[in-house]
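Structure record follows, encoded as structure tokens.
The values are calculated or read from the model by the stated rules, or taken from the named source; none is laboratory data. Keep in mind that this is a model prediction, so the values were computed, not measured. Here the Cβ positions follow ideal geometry from the backbone for every residue, glycine too, while neighbour counts run over all protein chains shown.
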Amino acid sequence: MQFRDLKKQYEVLKEDIDREIVEVIESSRFIGGPKVSELEKRLAEYVGVKHCITCGNGTDALLLALMAWGIGPGDAVFVPDFTFFSSGEVASTLGATPVFVDVIPETFNMDSDSLEKVVKKTLEDGKLTPKAVVAVDLFGLPADFPAIRAVADRYGLKVLEDGAQGFGGQIGDGRACSFGDIGTTSFFPAKPLGCYGDGGAVFTDDDDSAALIRSFCVHGKGEMKYDNVRIGMNSRLDSIQAGILIPKFEAFRKHEAADVNKAASQYTELLKDIVETPVVPDGFVSSWAQYTIRLNSEEERDALKIALQSREIPSMVYYPKAMHCQEAFDKESLGDGEFPVTDKLCKTVLSLPMHSYLTRDDVERVASAVREELSKLR
Ligand SMILES: *Cc1c(COP(=O)(O)O)cnc(C)c1O
């Protein structure tokens with residue numbers, strides 16, 4: 001069994017994907033061109049924003065958003081403590097300081113009460129200027145944007161939605177990547193919408209941010225290519241990846257997003273009485289980048305992982321190490337220094353095989369294995 005079965009997906013979509021790749025090679029348009037514009041148009045329409053700007057990867061997408069806001073030294077950017085490294089790394093890349101905020105145990109996402117506490121503490125300390133909050137849609141579930149936006153508005157913070165894992169999620173009728181002033185995603189192969197290499201995108205309704213980002217991602221270009229008006233970077237989605245994403249996005253939109261939700265409901269049905277299953281609040285829809293259960297202790301989690309492995313069922317620990325424990329960050333990033341929820345999650349979470357091509361039998365096999373092994377362990 002595969003943790004995320006990209007091969008099965010390719011078998012289903014092979015004809016369309018192969019044709020797209022050949023078309024790009026035959027056209028000799030490897031960078032930019034009609035495939036990239038077509039993809040950007042379709043993604044912007046789906047997300048429900050004016051602008052989609054594709055770029056080299058999800059980390060660059062976050063970086064480009066912070067660059068558009070002029071984030072730099074002396075600025076505080078609030079980031080959940082339980083996330084992938086990139087969410088905080090990009091603030092440091094620009095000389096700003098990521099300041100970590102604890103999360104909610106049931107949803108794994110940023111806790112808006114902790115956010116407010118940490119913003120207040122930062123203001124009291126007086127060393128950094130609060131500028132922005134990066135709210136992550138962890139494991140596919142949109143962060144609590146209504147609550148986070150309320151705090152952000154009280155303190156004049158920009159909201160950046162890190163939707164690297166969240167593409168396809170919803171709050172009401174609104175789609176992930178549309179909830180921030182800027183939203184970003186990643187097309188890393190294992191993400192909800194992945195390509196066959198690196199790729200990313202930035203989404204916004206703001207014309208000025210969009211224009212700046214289009215310039216930043218091509219060396220700070222001005223009116224024409226050899227006119228450089230600001231310092232930027234080179235971050236582009238190549239045309240082959242755009243071609244691959246076009247049929248993959250159609251499959252995602254037509255059935256994959258629904259199929260993965262079916263698998264998640266089956267898991268929850270079969271597991272909810274023995275482990276803590278992930279909670280999707282009313283009105284929210286997840287795109288299930290991960291299906292993550294919580295166990296009673298670190299010993300139990302680690303033993304279950306080994307037992308599943310011996311039955312050839314892969315599982316992963318996302319994430320074993322909190323952001324506040326990463327050596328790369330300074331002590332200014334510690335905020336109020338209190339991360340009890342994240343500390344516990346790092347010891348007790350386990351992500352199970354999850355993707356749109358998982359069958360009912362696969363889910364049952366994993367769930368029975370979890371039940372049997374836990375009954376032995378407890
Ligand atoms: C994967 C990921 C990123 C970075 O995306 P890349 O395309 O790998 O650069 C950023 N944030 C989160 C939450 C991620 O999971």
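Some observations on this one:
- Cross-chain or 6+ apart pairs with Cβ under 7 Å, the stretch 183-207 first and touching a residue at least 12 places away in the same chain (Cβ under 8 Å) and more than 16 Å from Cys52 (Cα to Cα), then within 10 Å of the ligand (Cβ to nearest atom) and of a type in the set (A, V, I, L, M): Lys191/Ala164; Lys191/Ala289; Pro192/Ala289
- Every pair of residues 6+ apart whose Cβ atoms lie under 8 Å, when the first sits in the stretch 129-148 and is at positive phi while the second is in a strand (DSSP E or B) and among the small types (Gly, Ala, Ser): Phe139/Ser351
Per-residue answers, yes or no, for (1) touching a Ser or Thr at 6+ places or on another chain (Cβ under 9 Å); (2) of a type in the set (Ser, Thr, Tyr); (3) more than 29 Å from Val341 (Cα to Cα); (4) modelled with pLDDT of 95 or more:
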{"position": "Ile53", "(1), (2), (3), (4)": "yes, no, yes, yes"}
{"position": "Ala65", "(1), (2), (3), (4)": "yes, no, no, yes"}
{"position": "Phe78", "(1), (2), (3), (4)": "yes, no, no, yes"}
{"position": "Leu94", "(1), (2), (3), (4)": "no, no, no, yes"}
{"position": "Phe108", "(1), (2), (3), (4)": "yes, no, no, yes"}
{"position": "Val119", "(1), (2), (3), (4)": "no, no, no, yes"}
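- Residues of the stretch 167-198 that turn out to be assigned to a loop (DSSP other than H, G, I, E, B) and either near the ligand (Cβ under 8 Å from one of its atoms) or more than 15 Å from Ser87 (Cα to Cα) (or both), as a count: 21
- Whichever residue in the stretch 79-113 is in a strand (DSSP E or B) and more than 14 Å from the chain's Cα centre (by Cα) and, among such residues, is surrounded by the fewest Cβ atoms within 10 Å (Cβ to Cβ): Val103
- Residue in the stretch 54-64 that is over 18 Å from Arg154 (Cα atoms), without any contact (Cβ under 8 Å) to a residue 60 or more places away in the chain and within 12 Å of the ligand (Cβ to nearest atom) present: no
- Selection from the stretch 192-223 of residues that are under 23 Å from Arg253 (Cβ atoms) and among the aromatic types (Phe, Trp, Tyr): Tyr196, Phe203
- Tallying residues that are in a helix (DSSP H, G or I) and more than 14 Å from Pro247 (Cβ to Cβ) within the stretch 13-61 yields 16.
- Candidates Phe329, Phe339, Phe284: the one that is surrounded by 14 or more Cβ atoms within 10 Å (Cβ to Cβ), within 16 Å of the ligand (Cβ to nearest atom) and more than 30 Å from Glu11 (Cα to Cα) is Phe329.
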